[in-house]
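First the structure, in the form of structure tokens, and then the observations on it.
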Amino acid sequence: MRRDKIAGLLQQSKQPITGTSLAKKLGVSRQVIVGDIAILRAAGADIYATPQGYVILQAAAPATVRVKLACRHDSKRMEEELATIIDNGGRVLDVSVEHPVYGEIKATLMLSSRRDLAEFLQKSAESGAAPLSLVTGGVHLHTVEAASTEVLDKIAAELKTLGILFE
């Protein structure tokens, strides 16, 4: 079954796989893959759509710690904020905002390298889509993962120095 193949490919991959790539491998359209992913998710599959493609999150290493960081800045500082997190050893798992009508809106990012960041920024620019934080005057949360609390503390300190950490 095609959906089983999709799930298997995603479980075996250490990197995200684009819908286009899955479509080519399975001989169907990208839209068929999008529908299959939706059905797999509805059935309980833990598949995330990231800027780099689809991914099934593997269990985090025991030494990995996570924190939610509240940030505030305009859209011109998005690259600076994300680069600061990545360059200091963090992985940006997601971004979320508190919408006045819809409640929490969250987007999976999965940014852990400058390459991931460059691809994310390029897709953002090409799409013309505004950052989620536009809805909340620049206030947003990031779930950040790192190898230790010391790394997370350093990230928070640098964001504070830059005036990006929202306290």
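None of the figures in this text is laboratory data; all of them are computed from the coordinates on show. If you're wondering where the values come from, they're calculated on a predicted model, not measured in any experiment. When we count neighbours, we look across all protein chains shown, and the Cβ atoms used for this are built from the backbone with ideal geometry, even at glycine.
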Sort out for me the Cα centre separation of the range 101-121 from the range 31-96, rounded to whole Å. 6
Compute the angle between helix 30-42 and the longest alpha-carbon principal axis of the chain, please, reported from 0 to 90 degrees and rounded to the nearest 10. 70
So, in nm, how far is label residue 12 from label residue 112 when the simple model puts each one 7 Å beyond its Cα toward the Cβ? 2.0
To the nearest 0.05, how large is the calculated FRET efficiency for residue 4 and residue 57 if R₀ is 22 Å and r is the Cβ-Cβ distance? 0.70
J(HN,Hα) series, the range 44-53, from Karplus relation 6.51 cos²θ - 1.76 cosθ + 1.60, nearest Hz, glycine and proline x: x, 5, 8, 9, 10, 9, 10, x, 8, x
Label-reachable residues, the range 12-39, where backbone N falls under 20 Å from a point 7 Å from residue 129's Cα toward its Cβ: 16-23, 30-39
Among the chymotrypsin sites (Phe, Trp or Tyr not before Pro) within the range 42-112, which fall in a DSSP loop and have no more than 12 other Cβ atoms within 10 Å of their own Cβ? 102
If you take the square roots of the eigenvalues of the alpha-carbon gyration tensor of the range 2-56 and sort them as a ≥ b ≥ c, do you get rounded (a/c under 1.5), prolate (a/b over b/c) or oblate? rounded
Are any of the pairs 76/123; 76/106; 68/106; 68/154; 68/160 more than 22 Å apart by Cα-Cα distance, and if so, which? none
With Cα coordinates, the longest principal axis of the chain makes an angle with the long axis of helix 149-161, in degrees rounded to 10, of 60
Contour minus end-to-end for residue 167 and residue 99, with contour as 0.36 nm per residue of separation and end-to-end as the Cα-Cα distance? 22.6 nm
Which whole-number percentage describes the relative contact order of the range 65-161, with Cα contacts under 8 Å and a sequence gap of 6 or more? 46
Using the Karplus curve 6.51 cos²θ - 1.76 cosθ + 1.60 with θ = phi - 60°, work out ³J(HN,Hα) for each residue of the range 120-129 in order, rounded to whole Hz, and write x for Gly and Pro. 4, 5, 5, 5, 4, 5, 5, 7, x, 6
Using alpha-carbon coordinates, inclination of helix 2-12 to the longest axis of the chain, degrees: 40
